[in-house]
Every structure is written in C-alpha cells, then in structure tokens.
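One structure is given below, encoded as structure tokens.
The values are calculated or read from the model by the stated rules, or taken from the named source; none is laboratory data. The structure displayed is predicted, hence computed values, not measured ones. Here the Cβ is made from the backbone with ideal geometry for all residues, glycine too, and neighbour counts use every protein chain on show. To get the accessible areas, we keep the full protein, side chains included, count just its heavy atoms, and leave off ligands, DNA and RNA. Shrake-Rupley method; radii C 1.70, N 1.55, O 1.52, S 1.80 Å.
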Amino acid sequence: MKRHLLATALAAATMTWAASPVALAKEPAAALAPAASPEAVGFDSARLKRLDAAMAQVVANGRVAGVQTLLARHGQLVAFNTYGKENLETGAALKKDAIFRIYSMSKPVTGVAMMILFEEGRWRLDDPVTAYLPEMKDLKVWKGVDAQGQPILEPVKRPPTMRELMSHTAGFGYGLGDKHPVDRMFRDGRILGAADLKDLTAKTAAIPLMYQPGEQWSYSVAVDLQGAVVERLTGQSLGDFMESRIFKPLKMNDTGFYTGAGKAGRLATPYIGNPETGKIEEAKTLFGQPIQNFVDKPRLESGGGGLVSTTRDYARFAQMIANGGELDGVRILSPASVELMGTNVIPQAALVSSNGSTASSFNEAVGFGLDFMVVNDPRKAGSLEGKGTMSWGGAAGTWFWVDPTNDVIFVGMIQRYGGTGGPDLGGLTRTLVYQALVDPAK
C-alpha cells in the first residue's frame, strides 16, 4: 500500500511539474536582445533623448567624425545609436559594424585572461613578479640625479607583487608622457615598439622603477607585462589565448590584435585635433611614431593597448562582467573573481596622494582594482552611477563602464586622439544615462 501511495504521489508531482509555468517557460533571451521599451527596464524615453542630442551635437560641432553608443540594462539592449561619419573625406557613414582601435580598453580584457589563469591556480596575488618574469630580479628605483646630472638609483626593497602589477602600483613607467625621467626613458627606448613581449619585458627590466613597489599609483606598462605572464604560463601567444578562452566563447567575432585584409575596410578612420585650424584631421602619427597598422598581424601583441573591436563585441565583454563572469550560458570567470577585479586594491597612502594619470586621480571615492577603475562612493565622487562601477577608456577616445548596482553597461566609441576638444564624453554620458534612469527598481 505504501509503495502504491508513493508511486501515485510521484506521478502526481511529475504531472504537476510538467504542467507548471516554470517547466514550460522559454529559454532566456540571448544577451543584448532589445528591451521591450526603455520604460520596461526603468528608463524614461524622453529623457534618453538628451543623450542622443548631446552625441549628435558633438558630431555637429566637429569635435569627432562619428560616435557610436550602446546602452543596456538587465542584459537587454536599451539603445544602440550611431552618429556622423566613418571618414570625413569620403563621407562614408559610420556603420554599426565599424571596427575601432580600442587601445587601453584592451587592459580589462588582459585582466580577464590573467584571472582565468588565477582561477586555475597558476598564480597568486601576492606572488613576486619575479616568479613569472625572472628578468625583474635586479630592478632599481629612480631617486633623482646627482650634482653631475647622473641618475641616483637604489635597489628595490622587494620585488613588485602580481597584485601591484595588476593595479599600476608596481612602479613601472610607460612613456605616454615625458614629465618623469623614467617615462622619458620608456619613450626614448621605444619600449612600446619592442619586437615582442619577451623583448618588451627585457627592455622594461633595464629601466628603473618610478618608486618603491606599492608606494604610489602610476599608469604603466604593467598590462603588457601581464600579457607576457599569460604567454609564459600557457605556452600560447596572448592573441591565441584570448581567442580561445575569451573571444570565441563570447562570440566576439570582430575582436583581436588585427583585422586582416577582409575586414580592413571596416576599420574606422582615426582623427586628431589641429590646434592651428581648430578642426580635426586624419591622424598619421601617435606619440611621435607612425600609427600602428591594425590590418596586419603585429609582432607585439600588446595587452595594454593593441586590440581592435566593435561596439557590440565589447558590449558582450562588458555584459559578461556585469553578469558575474557568464554570458549566454558560457562561463568565463566566477562571480567572486569578477568581484575581486572590482575591489579597490590601492593602498590608502597612495589613494590619498596626488597620484594618477592626467585623467584619473584616485581617492577614497574612486579607486582601482585589477585592471579596472572602480567607483567606491559615486555620490562623494560627484557622479550618478552605481557603487562598484568598473570602467576604463582608450587613447582614441573610446570608453565603457559596467555598473553592477544598477545592472547597466555602456560602451562609447569614437576615433580621436588627444581628447575630444571639449567636455569628457565619459563623464557627460554617465550623467545623461543616469538622469534618464528614473525607475531603477524595475
């Protein structure tokens, strides 16, 4: 009797489950499918028009040739708009599949590559970098010059750690500016023009650090060194590792270190402001060197600034971060690893100093995690985004952010070096997006 009753109960339960709405529910919509309306995910359509008008005005004012913006919430596409031209000379419109030089927006991608290996137990945050880059065993630190103008150097007190390598607190220079003598050494030595990552690592090791590891924050070549670590740990090129572990799984089909001849026509034309005419013109050089050819495979796969991508491709990467490491059923990282990347790791002494690049100075409100800038207290920082927002930008004006509190991602693409000739578009678009998020509870 008991067996009969149990069988009957199980049969009833099975029938109930089979007929339940949960069982008959459809598969979740693919990432970045269009939202039913902006209002369905908390935005006011009329207020969002301020974003459209502002981007159209940036083009109309001649500050950029073209702009592309993508906004999503809860994994649903709220707006994906294009303004202006891909090329001013030909008059070709900027298309939605345009490929952009994303420069330093490569850095968070390299950070994810590193964290994939972190999750495999291949390295730890407090390991010395010398465990993976033995060239760094005899690093010196710049202390100034003597009476004869010769450099005064002192040995490092300890090797930089991997945590410091991933947060620009290791002390390395970069060469993008020339105010610090170490940065001038990087520029004069053409470190970013090295033959490959092995060559870049060796050349970097021969230049002193700007400060003792962990004492300050300074934007640096550290992410290219992370690329070298990836290559040594995996035996693959950085590009091959990214392709197999990030781009292919996330269906980022137009992202890589070069376009190839078949996609070369989709590469947006880069511009720069001419201070004499006040207008933009096609850029031919960057930092005194010819602009990199992103059509052919490069010798140096720069994890710090070598990738090209489309707006939609990069949005898929950003949405994976917003989802805690997963997209469309494919898991790249665990939620805990993404949370770690979005946690400030800059020491308090460095946070409250005047360190930072020309665009970013860090304090208690805004810090830096593992290859991402992190907003710890947005209202204290004077912004409308959510706590924990992770972001960065690129040398040709591209920018993005991932807001885990409001479940918002945003990607902005332009191609203009040396600023945009007016208010920062990253800050402007943040204001215009969040003033339109009138029902964040949705």
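Let's see how each residue does on (1) outside any helix (DSSP H, G or I); (2) open to solvent by 10 Å² or more (accessible area, probe 1.4 Å); (3) at positive phi; (4) without any contact (Cβ under 8 Å) to a residue 24 or more places away in the chain:
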{"site": "Gly173", "(1), (2), (3), (4)": "yes, no, no, no"}
{"site": "Val182", "(1), (2), (3), (4)": "no, no, no, no"}
{"site": "Arg187", "(1), (2), (3), (4)": "no, yes, no, no"}
{"site": "Leu200", "(1), (2), (3), (4)": "no, no, no, no"}
{"site": "Lys203", "(1), (2), (3), (4)": "no, yes, no, yes"}
{"site": "Trp217", "(1), (2), (3), (4)": "yes, no, no, no"}
{"site": "Val229", "(1), (2), (3), (4)": "no, no, no, no"}
{"site": "Asp240", "(1), (2), (3), (4)": "no, yes, no, yes"}
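Assess whether Gln212 counts as being surrounded by fewer than 23 Cβ atoms within 10 Å (Cβ to Cβ), over 23 Å from the mean Cα position of the chain (by Cα), in contact (Cβ under 8 Å) with a residue 60 or more places away in the chain and part of a loop (DSSP other than H, G, I, E, B). In short, yes. Of all residues assigned to segment 123-131, none qualifies as being within 21 Å of Ala395 (Cα to Cα), in a helix (DSSP H, G or I) and open to solvent by less than 50 Å² (accessible area, probe 1.4 Å). Just one of (1) open to solvent by 20 Å² or more (accessible area, probe 1.4 Å); (2) of a type in the set (Asp, Glu); (3) under 22 Å from the mean Cα position of the chain (by Cα) fails for Asp224. It is (1). Set side by side, the residues Pro335, Pro275 differ, and just one is out of contact with any Gly (no Cβ under 9 Å at 6 or more places or on another chain), free of Cβ contacts under 8 Å to residues at least 12 places away in the same chain and over 21 Å from Phe100 (Cα atoms), which is Pro275. Counting the residues of segment 254-301 that are among the acidic types (Asp, Glu), under 17 Å from Leu238 (Cβ atoms) and loosely packed, with under 15 Cβ neighbours inside 10 Å gives 1. For Lys96, the test of being touching a Phe, Trp or Tyr at 6+ places or on another chain (Cβ under 8 Å), outside any strand (DSSP E or B), farther than 30 Å from Pro159 by Cβ and at pLDDT 95 or above is passed. Considering segment 189-198, the residues that are assigned to a helix (DSSP H, G or I) and in contact (Cβ under 8 Å) with a residue 60 or more places away in the chain include one that is farthest from Tyr174 (Cα to Cα), namely Leu197.
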